[in-house]
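Enquirer: Attaching a single structure in structure tokens format; questions to follow.
The values are calculated or read from the model by the stated rules, or taken from the named source; none is laboratory data. Bear in mind that the values here come from a model prediction, so they are computed numbers and not experimental data. Positions of Cβ are generated from backbone atoms using ideal geometry, with glycine treated the same way; all protein chains shown enter the neighbour counts. We work out accessible area using only protein heavy atoms, side chains counted, and drop any ligands, DNA or RNA first. Shrake-Rupley method; radii C 1.70, N 1.55, O 1.52, S 1.80 Å.
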Amino acid sequence: IWLHIIKKYYFSTERMTHNHINEGPKIALFEPDIPQNTAAIIRTCACLGANLEIIEPCGFLLSDKRFKRVVMDYMSEKNIKFYKSSEDFFKSKENQRIILMTTKASISYTKFKFNKNDTILFGRESAGVPENIHKLIKDRLKIPMKNNKRSLNIASSVAIILAESLKQMKLI
């Protein structure tokens with residue numbers, strides 16, 4: 001209930017419709033659980049003109065002071081859409097390409113051709129995405145890293161992938 005009330009505070013119904021979302025790459029976050037990371041991703045997407053889609057439930061409230069400190073005034077941007085569940089998210093993506101960023105992939109993002117309407121999905125910071133979601137997605141990419149390293153911060157990963165996709169589409 002609190003999440004619903006807070007979202008109403010930050011977003012009007014008009015802002016949450018697809019009519020106001022820009023064409024171009026979409027970044028999707030699966031059940032994010034670290035408020036500062038989500039806030040940093042909101043800022044990155046707002047500054048680079050990308051759409052952000054958040055698959056709930058989130059592991060924090062949008063009223064969390066750690067979240068608000070990082071997100072500043074970017075929360076009012078029109079480029080954010082919430083989905084109540086992964087089922088709602090996948091229903092809305094029928095016949096659209098979803099790309100999963102995962103450390104379990106074998107293909108580097110540098111060897112991949114991004115398209116204008118791709119949705120690039122990032123898993124939960126603490127656990128990634130469940131195996132059933134891995135199986136739903138054909139295109140799975142990774143960011144190559146030095147040996148013996150687990151993963152980059154999700155906000156850094158989003159920035160790297162978003163910059164590459166925008167560059168390939170000649171949008172930056």
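Enquirer: Go through (1) open to solvent by less than 90 Å² (accessible area, probe 1.4 Å); (2) under 18 Å from residue 24 (Cβ atoms) one by one and return the number of the condition residue 116 breaks.
Expert: (1)
Enquirer: With the checklist (1) more than 23 Å from residue 37 (Cβ to Cβ); (2) touching a helix residue (DSSP H, G or I) at 6+ places or on another chain (Cβ under 7 Å); (3) not hydroxyl-bearing (Ser, Thr, Tyr) in hand, flag the one item residue 114 doesn't pass.
Expert: (1)
Enquirer: Select from region 113-172 the residues that are touching a Pro at 6+ places or on another chain (Cβ under 9 Å) and under 16 Å from residue 96 (Cβ atoms) and list them in ascending order.
Expert: Within region 113-172, 114, 115, 116, 117, 118, 119, 120, 165, 169 qualify.
Enquirer: Counting only residues that are in contact (Cβ under 8 Å) with a residue 40 or more places away in the chain, more than 18 Å from the chain's Cα centre (by Cα) and within 21 Å of residue 50 (Cα to Cα), how many does region 135-172 have?
Expert: Counting residues in region 135-172 that are in contact (Cβ under 8 Å) with a residue 40 or more places away in the chain, more than 18 Å from the chain's Cα centre (by Cα) and within 21 Å of residue 50 (Cα to Cα) gives 4.
Enquirer: Next question. So in region 120-172, with the set limited to residues that are within 20 Å of residue 40 (Cβ to Cβ) and among the acidic types (Asp, Glu), which one is least open to solvent (accessible area, probe 1.4 Å)?
Expert: Selected residue: 164.
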